[in-house]
Amino acid sequence: MKNLIPAVLVALAASTALADFNTGIQAGPFASNGPNGNAANGLFSFNAGHTGLFNAIRIRGNAQYNNSGTYLSELRYSILTDSGARASGQLIAGGVWSGFQTVDNSQNFTPFQLTGGNSYTIRLWESYDDGGTGVIDAYWHSLQFDFTSAVINPPACTNLGTLASANDINTFGSNFDTEIALFDSNGLLLAENDDTGGLQSQINTGGLANGTYYVAVGGYNTSFGNFWTANPGGASGNYTLTIDGSAVASSTLASGTVHWYCFTIPTPGSAMLLGMGGLVTLRRRR
Ligand SMILES: [Ca+2]
Ligand SMILES: [Ca+2]
Ligand SMILES: [Ca+2]
């Protein structure tokens, strides 16, 4: 079956556009004490500002010496992320100290995910636990964390152009066991489906807001995740992708691959305004 539309490979957006977020300043004091994961660790809790992949943290605070013999270089922190991996690190170099020490440290990581609205805990610990967990090594005051979004590029996609609507996305009529997934312009996984029409797949979106969307077509056992993650399955064959009753693409999927499509849902009324000669843009300020 031939392609029903010109296959144009484009990257519609240069990158994800999610903003960074900051935990805000928490006065404390928080203990810096115990080995990582110990009950004596100071605990800093925050809610993620939005779902995203992050790859840099800036840590700002005021450390206060407490137990004789502890080193500045022993001040550590760690974050438990969605993947279970701890982003952790050393906060400052230095030996024996006294009084207060301002800390402003930025660190880069392999991107890790946080989910918007979820609560996370940052542990404050010591690489050498002076005096044991019964004696607090140092305190933190006015502590805050800035999270920087990782730049994740969307996949190259066959652009289906502007669609009036996309309520029903399916692969009915395909000749093999398909799977499909729908992502938004930030790469967040909105929906996925394996079998609805026999072994073929269907997503009922319930209506989409204006914006750019991505559809992944894969074979059985493809696993999908946020940030346009699609680990291919092994099934292969000929498929037809249908959106709201129109066959928008037909192609052959090879085993171990995923095909990407993208389309745009326009802002309500924008087409009409353009048809009226762009009245909005013609207005002039006096
Ligand atoms: Ca110490
Ligand atoms: Ca201690
Ligand atoms: Ca299937």
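Couple of notes before you dig in:
- Counted over the chain, the DSSP beta bridges are approximately 95% antiparallel.
- Close amide H partners of T162, meaning residues 5 or more places away or on another chain with modelled amide H under 5 Å apart, are T264.
- In the chain, Cα pairs under 8 Å separated by at least six residues give a relative contact order of 21 percent.
- Rounded to the nearest 20, the Cβ-based charge dipole of region 85-151 about its Cα centre (Lys and Arg +1, Asp and Glu -1) stands at 240 debye.
- Divide the volume of the convex hull around the Cα atoms of region 187-269 by the residue count and you get 96 Å³ per residue.
- Along the axis of the charge dipole computed for the chain (Cβ charges of +1 for Lys and Arg, -1 for Asp and Glu, origin at the Cα centre), the listed residues T264, G234, N118 are led at the positive end by T264.
- Cα convex hull of the chain, projected area averaged across orientations, nm²: 21.2
- Evaluated at q = 0.10, 0.14, 0.15, 0.18 Å⁻¹, a Debye calculation over the C-alpha positions of region 21-149 (equal weights, vacuum) places log10 I(q)/I(0) at -0.28, -0.56, -0.64, -0.91.
- Residues L91, L190, arranged from fewest to most other Cβ atoms within 10 angstrom of their Cβ, appear as L190, L91.
Any read-out appearing in this document is the output of simple, stated calculations on the displayed coordinates, not a laboratory observation. Predicted model only: the values in this text are computed from it and were never measured. When we count neighbours, we look across all protein chains shown, and the Cβ atoms used for this are built from the backbone with ideal geometry, even at glycine.
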